[in-house]
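Okay, so here's the structure we're looking at.
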Amino acid sequence: MQETITIKNRWSGEAIFESTKTTWKEAVEEAVENCADLRDANLYDANLSGADLRGADLRYADLSGSDLNEADLRYANLSGANLRGANLHGADLYKSRLYETRLYGADLSGANLSETNLKNVKFYGRGGTTKIEKNQVEEFFKALGIEVVS
């Protein structure tokens, strides 16, 4: 009997997508390839390192603790998603939507945030423990892929 990976709705527990792939990365990539609606998906702590998730609809998905290192999330809709503590190191988020996404403690080092919608994103951390000088603000935004215009 072939094992399946079932991607479930984080609230109801109902199946959103079933796959015969052997890893979460492959199963989620297959779901995206098949244009599956992954809104509200429970992908907590999933290993999606290097996954091709271009254009994925992951609105309100729980991706907290997930490994999205070097993942391709270009044009993905992550609005309202929970990415608390997620590893997004080197992820490509070009033109993705992060409207009201929770990024508490997420690792965004080396991530491409060019032209990403960051409206109402929640970056809350430990609150005030890291200080930067005023002359470092522009470089900080640049590291986040944000261009400051006058």
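The values are calculated or read from the model by the stated rules, or taken from the named source; none is laboratory data. What you see is a predicted model, and the numbers here were worked out from it, not measured in a lab. With ideal geometry, Cβ positions are generated from the backbone for all residues, glycine too; neighbour counts draw on all protein chains shown.
Before moving on, here are some points about what is shown:
- One residue stands out among those in segment 67-120 that are in contact with a Lys or Arg (Cβ under 7 Å, 6 or more places away or on another chain), among the charged types (D, E, K, R) and in a loop (DSSP other than H, G, I, E, B): the one that is farthest from Ser49 (Cα to Cα), which is Glu115.
- Condition check for Leu113: surrounded by 18 or more Cβ atoms within 10 Å (Cβ to Cβ) and modelled with pLDDT under 95: yes
- Single condition Ala31 does not satisfy, out of (1) surrounded by fewer than 20 Cβ atoms within 10 Å (Cβ to Cβ); (2) not in a loop (DSSP other than H, G, I, E, B): (1)
- Complete set of residues in segment 1-18 that are more than 19 Å from Ser66 (Cα to Cα) and either within 17 Å of the chain's Cα centre (by Cα) or hydroxyl-bearing (Ser, Thr, Tyr) (or both): Thr4, Ser12
- Of all residues in segment 11-28, those satisfying the criterion of being surrounded by 18 or more Cβ atoms within 10 Å (Cβ to Cβ) and not hydrophobic (A, V, I, L, M, F, W, C) are Ser19, Lys25.
- Residue count for segment 80-109 under the criterion of being of a type outside the set (Lys, Arg) and touching a Leu at 6+ places or on another chain (Cβ under 7 Å): the result is 16.
- Tally of residues being among the β-branched types (Val, Ile, Thr) and touching a residue at least 24 places away in the same chain (Cβ under 8 Å) across segment 19-46: 3
- Check on Leu73, in contact with a helix residue (DSSP H, G or I) (Cβ under 9 Å, 6 or more places away or on another chain), at pLDDT 90 or above and under 22 Å from Lys21 (Cα atoms): no
- Filtered residues of segment 61-110 (kept if basic (Lys, Arg) and either more than 22 Å from Glu33 (Cβ to Cβ) or buried (at least 24 other Cβ atoms within 10 Å of the Cβ) (or both)): Arg84, Arg102
- Looking across segment 22-63 at every residue that is among the basic types (Lys, Arg) and under 17 Å from Ser12 (Cβ atoms), the one that is farthest from the chain's Cα centre (by Cα) is identified as Arg39.
- Of all the residues in segment 124-140, those that are within 25 Å of Arg84 (Cα to Cα) and modelled with pLDDT under 75 number 11.
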